[in-house]
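Here, each number is a calculation from the coordinates, and none is a lab measurement. Computed from a predicted structure; not experimentally measured. Ideal geometry is used to build each Cβ from the backbone, glycine not excepted, and the neighbour counts take in all protein chains shown.
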Amino acid sequence: MAEFWEVCIECTDRMKDQAIKMFASQFHGMANDITIAQMKVIQAVIKLVEQQPEGPTLRNVADYLGITPGATSTAVDLLVRNGILLRQINPNNRRAVCILPSQNLVELRKKLTEHFKFLFDRALNQLSEDEKNACIKASTLIEESINSYEV
């Protein structure tokens, strides 16, 4: 029988594989060409838009990721050319350019959320409330342990 951590990693890999397939279908095969750095930029923009609905600036994204604005700009340029991200003038500051997810990316994120919620609900509905709470507690403790450890 596999160790718990091995099951978690395998599950994460399967989720990633499914997300990549859905990404490829939404963006016509782009998933095979996207780099880890570009994926991190996409994730950062999505996260930052939650805090800044008008969209983060290039500098906000660079600071969030701890990389240079030049490296961020290179990744954003490619993602804009492929219709994944958008650059728009900030409505509150016409000199500032904001980075936003494209409508296709917003739709994909919604599909992924619904897909993974369905899969988790299907599995978790087989558990008692105490078992579900134990899963949540274990997941929270694992996340805290991972977040507290620097490689």
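For the pair N82 and A138, a Förster radius of 35 Å applied to the C-beta separation gives a FRET efficiency near 0.40, rounded to the nearest 0.05.
A simple packing score, the average count of other Cβ atoms within 10 Å per residue, orders the peptides 6-18, 48-60 as 48-60, 6-18, with the highest score first.
Helical runs assigned H by DSSP (4 residues or longer) give the chain a calculated mean residue ellipticity at 222 nm of -22500 deg cm²/dmol, each run adding -39500 (n - 2.57) before division by the residue total. May I ask you to derive the FRET efficiency for L124 and R94 from their Cβ-Cβ distance with R0 = 35 Å, giving the value to the nearest 0.05? About 0.15, to the nearest 0.05. Listed by Cβ neighbour count within 10 Å, with the fewest neighbours leading, K21, K111 appear as K21, K111. Across every direction, the projection of the convex hull enclosing the Cα atoms of the chain has a mean area of 11.3 nm².
By how many nm would the segment from Y149 to W5 lengthen if fully extended, with 0.36 nm per residue of separation less the alpha-carbon distance? Result: 50.3 nm gained on full extension.
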